[in-house]
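The values are calculated or read from the model by the stated rules, or taken from the named source; none is laboratory data. Predicted model, so just to flag it, every value in this text is computed and none were measured. No Cβ is skipped: glycine too gets one built from the backbone with ideal geometry, and neighbour counts run over all protein chains shown.
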Amino acid sequence: MVRSPSESERLALLAAARCVVHTPADEHFGYVPVEAMAAGRPVVAARSGGPAETVVDGETGFLCPPTPEAFGEALARLVTDPGCAARLGRAGRRRAAEQFSRAAFGARFAAVLAGVTTPSS
């Protein structure tokens, strides 16, 4: 466990991880799952709050009831099936780029602005 890692430490930890576990229930949007997906790591998270909107269960990671048993099952699958972990990680990286990158946010923001500034007929 590393409290408040530097940017280089955070990137090194993500690169060495098989997956990222995010346990808070009813967490707001939260950057941890999105950062994990951007790093190509599957996410194991509680099926509530922000992760329920950012993580696609079975595609970019696993969304679990907030119980030790559910998290244990998801982690066991990723540890014993490296191919599954890699597949979920690749899908997470794609999702992060398509939905949560600066380019994706910028395009959505520009569309909203265009809708607001375009005079109605």
The condition from (1) under 16 Å from VAL21 (Cα atoms); (2) under 17 Å from the mean Cα position of the chain (by Cα); (3) in contact (Cβ under 8 Å) with a residue 40 or more places away in the chain that VAL79 misses is numbered (2)
Flagged pairs (Cβ under 6 angstrom, 6 or more apart or on separate chains; first in the stretch 31-51, in contact (Cβ under 8 Å) with a residue 24 or more places away in the chain and β-branched (Val, Ile, Thr); second surrounded by fewer than 24 Cβ atoms within 10 Å (Cβ to Cβ) and assigned to a loop (DSSP other than H, G, I, E, B)) are VAL44/CYS19
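Working carefully through the options ALA97, ALA110, ALA114, find the one that is in contact with a helix residue (DSSP H, G or I) (Cβ under 9 Å, 6 or more places away or on another chain), surrounded by fewer than 15 Cβ atoms within 10 Å (Cβ to Cβ) and either modelled with pLDDT under 95 or more than 17 Å from HIS22 (Cβ to Cβ) (or both).
One residue alone meets the criteria, ALA97.
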Go through the residues of the stretch 50-57 one by one and say whether even a single one is assigned to a strand (DSSP E or B) and among the hydrophobic types (A, V, I, L, M, F, W, C).
no
Considering the stretch 15-31, residues that are surrounded by 14 or more Cβ atoms within 10 Å (Cβ to Cβ) and within 12 Å of the chain's Cα centre (by Cα), and then whichever is farthest from ALA46 (Cα to Cα), we arrive at CYS19
